[in-house]
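Down below is the structure, laid out as structure tokens.
Here, each number is a calculation from the coordinates, and none is a lab measurement. On a predicted model such as this, the values are computed, not experimentally measured, just so you know. Every residue, glycine among them, receives a Cβ derived from its backbone with ideal geometry; neighbour counts consider all protein chains shown.
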Amino acid sequence: MARKYPRFLLSNPSNTKSSGPFIIHTLAPQFIVKPEFDEKRNLYDSVLIDVWSQDYDSAEVYEAMKEIPQWFKHSGRFQSNHEDDLLLVEIEKLDFLLDYETHLTVDQARKLIRLLFPTKSKSIYELSSSYGLKHLFEKVSRRIIGRHGASKYCGNDTAIEAFEKEGFQWQQTGPNRCMNISAKELKRANRLFNNYHQ
């Protein structure tokens, strides 16, 4: 898909008055925009900053700008150095998330854990249990599948075993377990994947 949009370039310079990133349209009409993202790192708009081509057609510029969200989703995100984009790129590489007809396995859940929760806290995080985390894994798959309502099922026991095999400490709370996950990493995961709609 990246080859379909070779004329766009994501730039994140450190020596500009306003912070990046910026997206440059490298072919005529040449222009630069400032992308705008929602909290889930979806690019929803672009603000035109400048057009370098002389005698350009405004309609042509705005027509090209309409392609930017699709370009970013399929190509631009892979050029980004934003920490959320880096995580989303790695999550999107997990092809097993697309298969919503089979349940998440322990090994698959472990791969998600390594990406979503790379840090083990010193104390048990008691505000979220394995039951909530198994739902989080399902929501991650929902974003990747991109089909309304479809998600890959994860069992509570699968989540528990996966966290145990990844070496997390735990505390039993009825049929569920709380683990020493990072509150910051959980908040980030919930922001990116909770209540996600295509």
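Mind listing the long-range amide H neighbours of Y153? Cut-off is under 5 Å, sequence gap 5 or more, other chains count too, H placed in the peptide plane at 1.01 Å from N.
Those lying under 5 Å, H to H, from Y153 are L104.
Give a residue-ordered list of calculated ³J(HN,Hα) values for the stretch 71-82 (Karplus: 6.51 cos²θ - 1.76 cosθ + 1.60, θ = phi - 60°; whole Hz; x for Gly, Pro).
Listing the rounded values in order: 4, 5, 4, 9, 9, x, 4, 6, 9, 7, 10, 5 Hz.
R0 = 45 Å: FRET efficiency of E63 with R114, Cβ-based, nearest 0.05?
Details: r = 42 Å, r/R0 = 0.93.
Taking R0 as 45 Å, the efficiency between E63 and R114 is 0.60.
In whole angstrom, note down how far apart the Cα centers of the stretch 5-67 and the stretch 127-181 are.
38 Å
Using a ≥ b ≥ c from the Cα gyration tensor of the stretch 69-114 (square roots of the eigenvalues), is it rounded, prolate or oblate, where a/c under 1.5 gives rounded and otherwise the larger of a/b and b/c decides, a/b for prolate? Write down the numbers at each step before the final one.
On the way: a/c = 4.31, a/b = 1.80, b/c = 2.40.
Oblate.
Place a +1 charge on the Cβ of each Lys and Arg in the chain and a -1 charge on the Cβ of each Asp and Glu, then give the dipole magnitude about the Cα centre in debye, rounded to the nearest 20. Write out the running numbers ahead of the final one.
Details: 28 positive and 26 negative charges, 114 e Å.
Charge dipole, the chain, about its Cα centre: 540 debye, nearest 20.
Evaluate the stretch 2-81: find the radius of gyration of its Cα atoms, find its Kirkwood radius, and give the ratio Rg to Rh. Please report the intermediate quantities before stating the final value.
On the way: Rg = 12.1 Å, Rh = 12.9 Å.
Using only Cα positions, Rg/Rh for the stretch 2-81 is 0.94.
Using the 2.2 N^0.38 Å rule of thumb for compact globular proteins, work out how the chain stacks up: its C-alpha Rg over that value, please.
Details: Rg = 20.2 Å, N = 198, 2.2 N^0.38 = 16.4 Å.
Dividing the Cα radius of gyration by 2.2 N^0.38 Å gives 1.23.
Please report Rg over Rh for the stretch 84-193, where both radii come from the alpha carbon positions and Rh follows the Kirkwood definition. Each step should come with its number before you reach the end.
Values: Rg = 13.0 Å, Rh = 13.8 Å.
Result for the stretch 84-193 is an Rg/Rh of 0.94.
Looking at P35, H74, P21, which one has the Cα that reaches farthest to the positive end of the dipole of the stretch 2-81 (charges on Cβ: Lys, Arg +1; Asp, Glu -1)?
H74
Starting from the Cα-Cα distance between Y153 and D107, subtract it from 0.36 nm times their residue separation and give me the gain in nm to one decimal. Don't jump to the answer; show the numbers that get you there.
Values: separation 46, 0.36 × 46 = 16.56 nm, distance 1.40 nm.
The span from Y153 to D107 would gain 15.2 nm if fully extended.
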